[in-house]
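Please read the structure below before turning to the comments.
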Amino acid sequence: MVPAFRASTTGKEFAMTASEPTTSALRPPLTTARLILRPWQVDDASAALAVYGHGAVARWLSPAMDRVPDLAAMRLLLQQWIAETARTVLPAGRWAIQRRSDGLVIGGASLLPLPPGREDLEIGWQLHPDSWGHGYATEATYALAWWAFQHDVGELFALVRPGNTRAAASVRRNGMHWVGQTDKYFGLTLQVFRLRSADLDVAAPYAQLPPGYGPNGPDPRT
């Protein structure tokens, strides 16, 4: 069993646990104080559509993805994600983000190989806008990073579209450092952030943000 991990931050504690893997679940649910990151199920289609069918979510996705139009399309996409995750080498995969207090699926998270060499791992997440501003992105990102570093991954990358100050603030709160801007991924101009295991810190300062990514607008600490 993967051992529990605790990290103190600004008077709070994040408690990370992973359930014992089984032969049918090599990616066990990851449990934090408020969230469960678990494998997607086709029955999640309705909740997933509320996220990936929302224009405010789709506009920031990389690679670019159209807003999912209907329930049938969402079911098909979930089937694809589930099949792809089953074929993907650990620790990569896709997870549903479920809120523990009410069982509602509020978004998705992923660890995916980056092109062209597929040697680097990208960490990503998407939340329904109703769940923005509550620190869930920081909590989910921390959980996935913790999971990845249990599997001898040396570093993770996050790709953020220019102007997405909320996402940039979220990755910085887990200790990610801005390393530059690139257009080599997905035909988009993206800000690149890197996280190494020694830097995983949910109380990271707001240094090394890309130009123009100061803590203006929504409070980046939420």
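Each value in this text was obtained by applying a stated rule to the coordinates, not by laboratory testing. Nothing here was measured: the structure is a model prediction, and the numbers come from that model. Here the Cβ is made from the backbone with ideal geometry for all residues, glycine too, and neighbour counts use every protein chain on show.
Annotations
- Other residues with beta-carbon under 12 Å from the beta-carbon of residue 159 carry, at +1 per Lys or Arg and -1 per Asp or Glu, a net charge of 0.
- For residue 73, the shell of other residues with beta-carbons less than 11 Å away shows a net charge of 0, using +1 for Lys and Arg and -1 for Asp and Glu.
- Virtual spin-label span in nm between residue 42 and residue 189, 7 Å along Cα→Cβ: 4.3 nm
- Order of 84, 122 - criterion: other Cβ atoms within 10 Å of each residue's Cβ, fewest first: 84, 122
- Residue (of 125, 30, 111) at the positive-pole extreme of the range 30-152, dipole from beta-carbon charges: 30
- Cα-centre dipole for the range 112-157 with unit charges at Cβ (Lys and Arg positive, Asp and Glu negative), debye to 20: 80 debye
- Note on residue 33/residue 197: beta-carbon distance plugged into 1/(1 + (r/R0)^6) with R0 of 25 Å gives a FRET efficiency of 0.75.
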